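The values are calculated or read from the model by the stated rules, or taken from the named source; none is laboratory data. The shown structure was predicted, so the numbers you read here are calculated from the model rather than taken from an experiment. Ideal geometry is used to build each Cβ from the backbone, glycine not excepted, and the neighbour counts take in all protein chains shown. Heavy atoms of the whole protein, side chains included, go into the accessibility calculation; ligands, DNA and RNA do not. Shrake-Rupley method; radii C 1.70, N 1.55, O 1.52, S 1.80 Å.
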Amino acid sequence: MNHINDTGNDVVVDVRDLKINIHLEEGTLTAVRGIDFTIKKGETLGLVGESGCGKSLTSKAILGINDRKCKAEGEVFFTTTTNGTVDLFQLDPRGKEIRGVRGKQISMIFQEPMVAFSPMYTIGNQINECTRLHITKDKKKSKEISLEMMKKVGIANAEKRYDQYPHEFSGGMLQRALIAMALVCKPKLLIADEPTTALDVTIQAQILELMKELQKDIGMAILFITHDLGTVAKMCDRVAVMYLGKIVETAPVEEIYANPQHPYTKGLIGSVHKIGTKKDKLFSIEGTVPLALNLPEGCGFYERCNERIEGLCNVKEPLPESIKDGHILCCHAHRKDKSSEGTKVSTEPIKKETLAKKEAQPAEKAKQANMEPVGTKKAGVQAGVTADIMNPVLETAKKAEGMSGEIGTAYQEGGKNE
Amino acid sequence: MSDYILDVQHIHKRFTSKNVCVKAVSDVSFKVKKGETIGIVGESGCGKTTLGRCIVRGIEASEGSVQYTAKDGTEYDFLKIDKKEMKKVRKEIQMIFQDPYSSLDPRMTVLDIIEEPLKANYPKMTKEERNKLSIDIAAKVGLNTSYLMRYPHAFSGGQRQRIGIARALVLEPQVIVCDEAVSALDVSIQAQVINLLVELRKDMNLTYIFISHDLSVVEHISNKVGVMYLGKMVEFAQTDELFQYPLHPYTEALLSAVPVADPTMQVERIPLQGEIPNPANPPSGCYFHERCRYCIDKCVTEEPRLEELPGGRSVACHRAKELKLRGFAPVKKEA
């Protein structure tokens, strides 16, 4: 794995080659397939992608709070306040050391505030839990700290609210309380997993502004997970776009909106309707995210990509490469159009050829042409047998039906309905 | 025959328990022309969904009427008609639900789900006919027809929403109430489903009432938009007029909170003080006055009515004529 991660002094967390496997009856599902990223002090990294791409698993893996069925591999270097840089995966997941990190140095805001709180305890009690564990054993003092935090996040009448139960709070207030709970120990890294998805636009705007303000105060790093590109534009410094367990593109936020390179990023940005522009049709990426079970060789986005290059994208997995300062891309198609001189000469004809193929061949032939290179080349690489047999079949079947998605559950025996 | 396919008049819905009465919807009126899409926006708890359900008679409205012009040209008050007539008209007004995961019966195959409305409405139809109609409609919404014998759990969110759409369309309705039909989906899938809805509107000459809290989606799909606040319609206008020149301060604030999907642009947000008030105990006068930055004495004491203005807009604000409000206009961020 080539190392693209930045290793400066102010790096708070450095994730290297993180993989998460989930063992199921049907086989092993590779939810996260080797991702790297770093976050610096005071920086907000947006992790963007559709549901099922492994965003949430990644965030939970950093804290080591994933379900037991999920096996995480790789390295997560975190700069602790006490012990210097440690690999969180080397720590005992139930040990004392990681417990000193969780909640105190890395904390998390969960997606649904209604679910994240226990209905059995008062809000104050639950915020207090953090301070009592990590800051002070003194009950009075810890209550003071909690109250101060509640006021800071804009909960009016904090003294009264302190003794109330979650059901007495509205969604927006509860999210504020959750933020108070996450920030009460002044963490170095805050993981915000879709913190505003369940909220209304007006409340969402308030909460985002609040998070930004507090970030300035404490100087923490934020890992901001979302599928909403509007909030990303507002919140993040850098964006990592994730697809099917891989980061396909990373760039500073202005760059990613102004100059997206990966076809998936382009699709995501294109499918957001901008108010004030009149379009008959929104741009949409066809199909759905395939299930990460028995994944085909090559680029995970191949099936849905509109810039795919047959014989290359479905054979060789694109590796991350830096195309500009801070802009890292995982895509073959990019290199084919423009970039270093060496490749340009040799690849241009290939593209033309494939384009010509696409136009000339009727659907039937295209299918066959599609199958052959996959089959032959894979045999050469000695890839997984199941993937070899399954994918061309599925692919052709799907094309024949002219229909999108549902790879994971696609057994080809439907159609008995008449 | 009137120009309007739906004429919603003075809908009220009150929920009463022991000693509290919550006015979930109070005095909402609007008219819908055939082929139009009306967007209904507002924060959660403002009564959007209740309004939608009242219109399809999923719940009975406390007061009001919905004049509906049926396919054969007769007019009905949809909220008052008896069971026998209802049977005739019911199939022309359908609904698409918010959550594609809980709105499909997990113990029925997709074909059964799509067929069920036909069974209920055309009991004499043979199985073959039913199957044929269902398969046609499934193909139309982009479902793979060879997967129809499966159960909903085998489908992804976007596919399930397509099943919900197919179920609503199989009776060839005129009006569809879409209650947050795309809110639970990812952006790219959202775009697919919205495109499908737009296409179907053209093909089948449908009229939508599109309920959503997502303003950008509403702006894309709707011809007219109604803004609701605490059970009341506060503004109703053509989509582009509403987004460019809002007349109600609440609309202005709502528009200023829309996130702009462009990091170089920003909108100066108009902060709303406090939270949406308790609908069981609404404030005096204008319901919005506690949070409104243009509030005057009159707003505290007197309740503004939804007044029709020239140009087909209506607004419920005492100061609508004097205020110059800001529409949705992102500006370049300063470096």
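Only Cα pairs under 8 Å and 6+ residues apart enter the sum, and on that basis the relative contact order of chain B stands at 19 percent.
Between exposed GluC sites (Glu not before Pro) in chain B, where DSSP calls loop and at most 16 other Cβ atoms lie within 10 Å, what's the longest gap?
B:61-267
In this Cβ point-charge picture (+1 for Lys and Arg, -1 for Asp and Glu), the protein assembly as shown has a dipole of about 800 debye about its Cα centre.
Look at where the Cα atoms of the stretch B:29-108 and of the stretch B:282-308 average out, and the two centres are 30 Å apart. The fraction of accessible area contributed by carbon and sulfur in the stretch B:250-332 is 49 percent, rounded to a whole number (1.4 Å probe; ligands and nucleic acids excluded). Comparing each chain alone with all protein chains together (probe 1.4 Å, DNA, RNA and ligands left out), the residues of the stretch A:219-241 losing at least 30 Å² of accessible area are A:His227, A:Gly230, A:Ala233. Dipole check for chain B: with +1 at the C-beta of Lys and Arg, -1 at the C-beta of Asp and Glu, and the Cα centre as origin, the magnitude is about 680 Debye. Among all the aspartates and glutamates, which ones have a C-alpha under 17 Å from B:Lys321's C-alpha, if same-chain residues fewer than 8 places away are not counted? In chain and number order, the partners are B:Glu235, B:Glu241, B:Glu252, B:Asp297, B:Glu302, B:Glu303, B:Glu307, B:Glu308.
List, in the order given, every pair from A:Lys234/B:Lys48; A:Lys41/A:Lys137; A:Lys212/A:Lys234 whose Cα-Cα distance in the structure shown is over 18 Å. Violating the 18 Å limit, Cα to Cα: A:Lys234/B:Lys48; A:Lys41/A:Lys137. Note on chain B: GNM, Cα springs under 10 Å; of B:Lys34, B:Lys80, B:Lys321, the largest mean-square fluctuation is that of B:Lys321. List, in the order given, every pair from A:Lys55/A:Lys188; A:Lys19/A:Lys316; B:Lys83/B:Lys119; B:Lys31/B:Lys140 whose Cα-Cα distance in the structure shown is over 22 Å. Result: B:Lys31/B:Lys140 exceed 22 Å. For the stretch A:310-321, 3J(HN,Hα) computed residue by residue from phi via the Karplus equation (6.51, -1.76, 1.60; θ = phi - 60°) reads 5, x, 10, 5, 8, 10, 10, 6, x, 9, x, 9 Hz, glycine and proline entered as x. Given +1 at the Cβ of Lys and Arg, -1 at the Cβ of Asp and Glu and no other charges, the dipole of the stretch B:98-142 around its Cα centre is 160 debye to the nearest 20. Using a probe of 1.4 angstrom and keeping all protein chains present, the accessible surface of chain B works out to 43 square angstrom per residue.
At a threshold of 40 Å², the residues of the stretch B:263-280 that become less accessible to a 1.4 Å probe in the full protein assembly than in their chain on its own are B:Pro263, B:Arg269, B:Glu275. Within the assembled protein chains, the solvent-accessible surface assigned to A:Ile203 is about 30 Å², based on a 1.4 Å probe.
Take the accessible area of chain B alone and of chain A alone, subtract that of the pair, and you get about 4400 Å² summed over both chains, using a 1.4 Å probe. In whole angstrom, how far apart do the alpha carbon centroids of the stretch A:211-284 and the stretch B:186-244 sit? Rounded to whole Å, the Cα centres lie 24 Å apart. Overall shape: oblate for the protein assembly as shown, with the ratio a/c of the largest to smallest alpha carbon gyration tensor axis at 1.5 or above and b/c at least equal to a/b. Just checking the listed ones, B:Gly73, B:Gly52, B:Gly35: in the Gaussian network model of chain B with Cα springs under 10 Å, the one fluctuating most is B:Gly73.
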